[in-house]
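A.B. asks: So that we are looking at the same thing, I have put the structure below in structure tokens.
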Amino acid sequence: MSREFLPRRREPAIIPVMNQTIEPQPGIFKDQYPYTTIIVRWLFLTAEMGLGAYFAFLFGLFNLGYIYIIYGIIALTVLQPLIRCVRCYYYGKRCNIGLGKLVPLFYKKADDDNFSAYYGYSILIWPLRLIPIGVGSLQILDGLLSEFKFVPQGLFGVYLAVLFFHRRFYRAVSCSKCRQKAVCPVYDIVAMRAGMEKQGNLTEKRLHND
């Protein structure tokens, strides 16, 4: 058969995203995550927060343990939803930690869908890891100077292992199939800068129109 009568193979369209391009891959991304993924993530998060609270209480000053728990609740119910969830593709859908279904009950979707624009505010959630790491490091130092025990020095190693394997899990199982992957600063910090610039331009335009 002549080549001119053969159907031409269509090349996949290139979709520009920020300052990079991705080729669409049908079936790769998840619109709804399975409950098994959500359960495993919550098991990791529970272990992480539980051990984190233990080290915060271990510090013994300023009632740090209670402050840590209260701040953890605020981070989960206020900071995380307002910084990420209300601008996420999975708003109203079953995301990899299940908040996508819960957040619409308390927060309305943001007017813009610029997911990476406010991602820099995630620094407000960092104390939930920095505090246990700081206190745990002090315990390791104390163990080296006196006596090394499983509690608390060994538990700090367990805490670090939980952080490591949790990150490995969500990067492999959740992030790799996420619809927001191309514009998520977890994969490309440039995406956050581009998103913030875009948001700044929109704000300036609104002020100019007003």
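A.B. asks: In contact (Cβ under 8 Å) with a residue 24 or more places away in the chain, assigned to a helix (DSSP H, G or I) and more than 26 Å from THR36 (Cβ to Cβ): does that describe LEU124?
C.D. replies: Against the criterion (in contact (Cβ under 8 Å) with a residue 24 or more places away in the chain, assigned to a helix (DSSP H, G or I) and more than 26 Å from THR36 (Cβ to Cβ)), LEU124 qualifies.
A.B. asks: Also: Restricting to region 34-93, count the residues that are of a type outside the set (S, T, N, Q) and assigned to a loop (DSSP other than H, G, I, E, B).
C.D. replies: Of the residues in that region, 11 qualify.
A.B. asks: Still on this structure: Being part of a helix (DSSP H, G or I) and either among the acidic types (Asp, Glu) or touching a His at 6+ places or on another chain (Cβ under 6 Å) (or both) is the filter here; which residues of region 127-147 pass it?
C.D. replies: ASP142 - this is the single residue of region 127-147 that is part of a helix (DSSP H, G or I) and either among the acidic types (Asp, Glu) or touching a His at 6+ places or on another chain (Cβ under 6 Å) (or both).
A.B. asks: Let me ask another. Would you check if LEU43 is among the aliphatic types (A, V, I, L, M), surrounded by fewer than 18 Cβ atoms within 10 Å (Cβ to Cβ), out of contact with any Gly (no Cβ under 7 Å at 6 or more places or on another chain) and over 23 Å from ARG167 (Cβ atoms)?
C.D. replies: Considered against the rule, which asks whether it is among the aliphatic types (A, V, I, L, M), surrounded by fewer than 18 Cβ atoms within 10 Å (Cβ to Cβ), out of contact with any Gly (no Cβ under 7 Å at 6 or more places or on another chain) and over 23 Å from ARG167 (Cβ atoms), LEU43 comes out as no.
A.B. asks: Look at region 94-116 and say how many of its residues are among the hydrophobic types (A, V, I, L, M, F, W, C), in a loop (DSSP other than H, G, I, E, B) and under 14 Å from the mean Cα position of the chain (by Cα).
C.D. replies: Residues meeting the conditions: 3.
A.B. asks: Could I ask something else about it? I'd like the residue in region 163-210 that is among the charged types (D, E, K, R) and modelled with pLDDT of 80 or more and, out of all such residues, is surrounded by the most Cβ atoms within 10 Å (Cβ to Cβ).
C.D. replies: The residue in question is LYS181.
A.B. asks: Further question: Can you confirm whether region 148-163 contains a residue that is assigned to a helix (DSSP H, G or I), small (Gly, Ala, Ser) and in contact (Cβ under 8 Å) with a residue 60 or more places away in the chain?
C.D. replies: Within region 148-163 (the criterion being assigned to a helix (DSSP H, G or I), small (Gly, Ala, Ser) and in contact (Cβ under 8 Å) with a residue 60 or more places away in the chain), the answer is no, since none of the residues qualifies.
A.B. asks: Take PHE156 and decide whether it is over 30 Å from PRO34 (Cα atoms), of a type in the set (Phe, Trp, Tyr) and either touching a Ser or Thr at 6+ places or on another chain (Cβ under 7 Å) or modelled with pLDDT under 95 (or both).
C.D. replies: So PHE156 does not fit the description; no.
A.B. asks: Something else about it: Suppose we filter region 112-139 for residues that are hydrophobic (A, V, I, L, M, F, W, C) and crowded, with 17+ Cβ neighbours inside 10 Å; how many remain?
C.D. replies: Count: 6.
A.B. asks: Still on this structure: Just wondering, is there one or more residues in region 8-31 that are more than 20 Å from the chain's Cα centre (by Cα), modelled with pLDDT of 95 or more, more than 20 Å from GLY100 (Cβ to Cβ) and of a type outside the set (Gly, Ala, Ser)?
C.D. replies: no
The values are calculated or read from the model by the stated rules, or taken from the named source; none is laboratory data. As the structure is a computational prediction, the values presented were derived from the model and not from experiment. Quick reminder, even Gly has a Cβ in these numbers, built from the backbone with ideal geometry, and neighbours come from all protein chains shown.
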